[in-house]
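> Provided herewith is a single structure, encoded as structure tokens, for subsequent inquiry.
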Amino acid sequence: MKILGIIAEYNPFHNGHFYHLSEAKKVTQADYVVAVMSGNFLQRGEPAIINKWIRAEMALNSGIDLVIELPFVFSTQDANGFAFGAVKLLDSLQIIDYLCFGCETADLDILYPISKFLQIEKQEYKEIIKQKCKNGYEYPRARAQALCEYHKTFGIENLKKLSPSRLREILNYPNNILALEYIKHLLNLNSKIVPVPIKRIGANYHQQTLSGNISSATSIRNDIMNNFLSSGYNLSNLGPKIKQAIPSSTYSLLEKEFKEGRNPITFESYEQYILGILRKMSLEDILHINGVNEGLENRIKKASLKSSTVEQLINSIKTRRYTRTKIQRILLHTMMGLTKDELVYFNKLGPPYIRVLGFSKKGKKVLRIIKKNSTIPLVTKLSNYLKKINFYKNSDNEMLLKMLNLDILSTDIYVLGYREEKDRIARLDFTHKIIRKTCTSENG
């Protein structure tokens with residue numbers, strides 16, 4: 001029996017995701033598929049356009065057997081933190097044979113040596129990064145440039161034939177960066193999971209407008225929001241272009257959500273909340289938030305007092321060093337009160353529980369296998385798990401509880417973005433049922 005792991009956001013699930021899933025099954029000949037999926041807030045520091053249970057249902061409809069949630073503290077970090085949390089969670093299941101990921105450079109002979117180098121991080125390389133950061137580059141760009149410079153001067157082991165210009169091109173794609181981080185953390189964990197890269201096809205990751213059967217998730221979300229705004233906040237009809245870019249089951253779920261009044265969520269959905277909380281916070285409080293350093297708290301505070309929209313706020317804060325994505329992550333962590341010290345602890349701990357969002361008939365069998373083999377507890381009923389944690393009081397459990405409470409809080413805040421009052425009720429993590437799909441998936 002072979003079990004395939006996938007790390008995803010499915011925001012929303014589209015034809016490119018279905019292609020990746022189909023190819024991954026074909027290449028690995030896997031019998032079961034487990035997806036670690038971000039909750040209501042995502043790696044680029046944005047809210048998901050629709051909630052985690054609907055996205056889990058989309059995945060189950062398209063052939064995933066089990067969907068488990070990546071905790072908020074990992075789903076909203078940079079590529080390194082995101083990859084660590086997701087890979088550690090999959091590894092903790094102790095049943096995953098393969099990790100399949102989509103990327104532009106699906107060649108392990110290239111990806112593996114780079115990841116191995118990133119795992120070791122030689123001193124000369126670290127010094128180049130430090131200098132780049134001093135020159136005002138944000139860390140991801142500084143690291144990419146340092147990697148190219150090191151390779152040009154010293155040569156990365158087992159990559160001597162790869163030109164620095166080709167390396168620079170490889171590092172220009174976010175999916176390649178994630179692929180490198182996945183492999184790096186598999187190496188760090190000495191995991192038995194085998195990495196399997198799948199070549200991405202169709203639209204570029206950064207594509208802004210819909211085009212053909214396989215379009216980027218960004219272009220799909222943009223089209224949904226444009227339709228939403230132009231229709232006077234009425235999305236009873238998503239339009240033919242979106243219908244072409246997503247599976248019919250995804251289309252049906254989106255249409256149902258929007259007809260029931262649960263609007264697509266964006267950062268603007270929390271505009272007043274974000275501005276209000278920043279205006280209330282002291283400079284010292286802002287400084288403690290993860291990602292804030294080197295006087296950035298002053299810039300954030302000043303921008304919060306002068307901005308009337310989230311867009312104005314972000315544009316007033318960002319610089320060459322502090323990108324839009326980094327600012328968005330800071331704002332999310334501010335909304336949830338996630339501090340630097342807490343994140344340091346969480347990144348040592350790793351995900352300490354397995355929260356199930358949904359499963360298929362086949363997935364039920366996978367759950368039984370996980371229960372027997374996993375090194376961390378399987379959580380299907382949150383209230384029961386919380387009772388166990390509270391019964392055994394210790395410092396580790398207090399931090400575990402903090403991580404879990406951030407997951408719960410993230411949902412409580414996420415629902416505040418809905419236009420309908422009836423949908424803004426809190427504590428859905430306790431009341432929302434796990435998605436169970438008993439029939440065969442639409443697409444296999």
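The values are calculated or read from the model by the stated rules, or taken from the named source; none is laboratory data. Since the structure is predicted, the reported quantities are computational estimates derived from the model, not experimental observations. Glycine also receives a Cβ, built like all others from the backbone with ideal geometry; neighbour counts cover every protein chain displayed.
> Just a yes or no: is a residue in the range 347-370 without any contact (Cβ under 8 Å) to a residue 40 or more places away in the chain, over 25 Å from residue 30 (Cα atoms) and loosely packed, with under 15 Cβ neighbours inside 10 Å?
Taking every residue of the range 347-370 in turn, at least one turns out to be without any contact (Cβ under 8 Å) to a residue 40 or more places away in the chain, over 25 Å from residue 30 (Cα atoms) and loosely packed, with under 15 Cβ neighbours inside 10 Å.
> Is it the case, given these coordinates, that residue 403 is modelled with pLDDT under 95, in contact with a helix residue (DSSP H, G or I) (Cβ under 7 Å, 6 or more places away or on another chain) and part of a helix (DSSP H, G or I)?
Values: modelled with pLDDT under 95: no; in contact with a helix residue (DSSP H, G or I) (Cβ under 7 Å, 6 or more places away or on another chain): yes; part of a helix (DSSP H, G or I): yes.
Against the criterion (modelled with pLDDT under 95, in contact with a helix residue (DSSP H, G or I) (Cβ under 7 Å, 6 or more places away or on another chain) and part of a helix (DSSP H, G or I)), residue 403 does not qualify.
> Inspect all residues belonging to the range 118-134 and state whether any of them is among the aromatic types (Phe, Trp, Tyr), within 27 Å of residue 8 (Cβ to Cβ), in a helix (DSSP H, G or I) and outside the structural domain of residue 322 (by TED's automatic domain parsing).
Checked the range 118-134: no residue is among the aromatic types (Phe, Trp, Tyr), within 27 Å of residue 8 (Cβ to Cβ), in a helix (DSSP H, G or I) and outside the structural domain of residue 322 (by TED's automatic domain parsing).
> Using the structure shown, decide if residue 405 is surrounded by fewer than 17 Cβ atoms within 10 Å (Cβ to Cβ) and either closer than 15 Å to residue 335 by Cα or in contact (Cβ under 8 Å) with a residue 24 or more places away in the chain (or both).
Criteria met by residue 405.
> Of all residues in the range 168-185, count the ones that are buried (at least 22 other Cβ atoms within 10 Å of the Cβ) and either modelled with pLDDT under 95 or in contact with a Leu (Cβ under 9 Å, 6 or more places away or on another chain) (or both).
Our first condition is that a residue be buried (at least 22 other Cβ atoms within 10 Å of the Cβ); within the range 168-185, this holds for 170, 176, 179-185.
Subset that is either modelled with pLDDT under 95 or in contact with a Leu (Cβ under 9 Å, 6 or more places away or on another chain) (or both): 170, 176, 179-184.
Residues meeting the conditions: 8.
> Let me ask another. In the range 273-322, which residues are acidic (Asp, Glu) and assigned to a helix (DSSP H, G or I)?
The answer is 284, 285, 297, 311.
> So is residue 128 of a type outside the set (Lys, Arg) and touching an Asp or Glu at 6+ places or on another chain (Cβ under 6 Å) or not? Explain how you work it out, then say what you get.
Values: of a type outside the set (Lys, Arg): yes; touching an Asp or Glu at 6+ places or on another chain (Cβ under 6 Å): yes.
So residue 128 passes the test.
> What tally of residues in the range 176-195 results from selecting those that are farther than 20 Å from residue 166 by Cβ and of a type in the set (A, V, I, L, M)?
5
> Considering the range 160-191 alone, what residues qualify as being more than 21 Å from residue 127 (Cα to Cα) and in a loop (DSSP other than H, G, I, E, B)?
160, 161, 162, 163, 172, 173, 189, 190, 191
> What number of residues within the range 127-147 satisfy the criterion of being more than 13 Å from residue 323 (Cα to Cα) and not basic (Lys, Arg)?
10
> What number of residues within the range 323-345 are farther than 15 Å from residue 73 by Cβ and not in a helix (DSSP H, G or I)? Break it down into steps so the answer makes sense when it comes.
To start, the set of residues in the range 323-345 that are farther than 15 Å from residue 73 by Cβ comprises 323-328, 331.
Narrowing further to those that are not in a helix (DSSP H, G or I): 323.
Matching residues across the range 323-345 total 1.
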